Amino acid sequence: MVAATRARDPAPLYPRFPDLPVLTNVSEKERQICKYQMGFVERLKKSPYYLADTTKTNSINQVPRYSDRYKIAASKRPSLEATNLDPKLFPKAIWAEYFEGGTRKHKKTKNT
């Protein structure tokens, strides 16, 4: 009989939450940390080294998204020209190949 009454009683929808800590006010140190973190992220996004998605999408069927308003346009991004970059930040082989047009060693293939 007990099993029959339990089958009719609905099961609880959600488990009971454990006691959560009480939130305190944001301290001045936490505000400073947040300010530094946000500034760092902003500088990274404006850097010429920040990689952005350059794939083209079909704008006819594309639904505008809320996140699109925060994307930096490619025209606002600095170009990756040798005059804008510091060669000390790149390995010598990459700098020579990409910016100075270094010579590549190609393997000769036999046509048989």
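The values are calculated or read from the model by the stated rules, or taken from the named source; none is laboratory data. Predicted model only: the values in this text are computed from it and were never measured. For accessibility, only protein heavy atoms count, side chains too; no ligands or nucleic acids. Shrake-Rupley method; radii C 1.70, N 1.55, O 1.52, S 1.80 Å.
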Checklist entry - Restricting to the range 23-70, what's the tally of residues that are of a type in the set (Gly, Ala, Ser) and either open to solvent by 100 Å² or more (accessible area, probe 1.4 Å) or modelled with pLDDT of 75 or more (or both)? => result 4
Checklist entry - Within the range 76-88, is even one residue part of a loop (DSSP other than H, G, I, E, B), modelled with pLDDT of 65 or more, open to solvent by 100 Å² or more (accessible area, probe 1.4 Å) and not acidic (Asp, Glu)? => result no
